[in-house]
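Every read-out reported here was derived from the displayed coordinates using simple, explicitly stated rules and does not represent laboratory data. Not measured: the values here are computed from a predicted model. Quick reminder, even Gly has a Cβ in these numbers, built from the backbone with ideal geometry, and neighbours come from all protein chains shown.
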Amino acid sequence: MAFSDLLKFGKKSDSGVADAPAPKGSDPVVVSKALPKFVAALSQKESPVLLDFGPVIGSNVAFFGEQLGCKLVIEDLAVELDRHTKADTREQLPETLVKHFPKGDQSVDGILCWDVFDFLEKPAALALSREIVRVLKPGGAVMGFFCTSPVERSAFTKFEILQEQSSMRHRHHPGVGGQKFVLQNRDIIKMFEGLIVSDSFLLKSNTREILLRRRS
């Protein structure tokens, strides 16, 4: 492979796994139909606890603080995905992901999954969904984005909420990224047994936004 080819795929780590290349052009801004409904669901709760599977983004922290007055817990799961991908230990992901959850059952009001399920093989996806069901309080809400077409290699995305709460800027998340897997609607419903799909939207980008709720 020529040196110019290495540049196309990004800098390689010590493990030999290259960082996923950043998309070309400006960061796209996408209108979200699920986010306003997620915020509305949690606004009914006093000082809700919100679990965020994305990285720390200052504007997002400010947004949820102003809108909900919530306790925000950040667990950037892309860090774990990267670590296990580089170490070639992805079979350990189910056990690892469970460690990022609080011990108490029904102790969280809202969970922002973003697109993390796209990057998980079935055993890890099942382990993550079971923990989400376990910790979600009655009346709580979960928001997730699910791809509709498989992708052989994709970068992670940082979802930055803009001032208009229905819009998000999709920023490049550094790291190795990985393959994206498709979950059918029936698979999602089965994985989240105990929750209901309250809203589902298919965007022009062929991404499904899904809002799950636990009945009060």
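Checking [x] 18.2, 72; [y] 17.2, 59; [z] 16.2, 49 against Rg and Dmax of the Cα atoms in Å calculated from these atoms, the matching label is [y]. Label-to-label distance for Asp105 and Glu152 is 4.6 nm, based on points extended 7 Å past Cα in the beta-carbon direction. Taking a 18 Å limit on the Cα-Cα distance, which of the listed pairs Lys103/Lys137; Lys158/Lys190; Lys122/Lys180; Lys33/Lys204; Lys137/Lys158 fall beyond it? With Cα atoms farther than 18 Å apart: Lys158/Lys190; Lys137/Lys158. What shape does the range 71-171 take by its C-alpha gyration tensor, where a ≥ b ≥ c are the square roots of the eigenvalues and a/c under 1.5 counts as rounded, a/b above b/c as prolate, and the rest as oblate? Oblate shape, in that a/c is at least 1.5 and b/c is the bigger or equal ratio. Once the chain from Gln179 to Asp88 is taken as fully extended at 0.36 nm per residue, the excess over their C-alpha distance is 31.4 nm. The region of the chain that goes longest without hitting one of the trypsin sites (Lys or Arg not before Pro) in a DSSP loop, each with at most 16 other Cβ atoms within 10 Å, is 104-203.
Here the Karplus relation 6.51 cos²θ - 1.76 cosθ + 1.60, evaluated at θ = phi - 60°, turns the backbone of the range 41-48 into coupling constants of 5, 7, 5, 7, 9, 8, 6, x Hz, with x for every Gly and Pro. Which shape class applies to the range 145-201: rounded if a/c is under 1.5, otherwise prolate when a/b exceeds b/c and oblate if not, where a ≥ b ≥ c are the square roots of the Cα gyration tensor eigenvalues? Here the range 145-201 falls in the oblate category.
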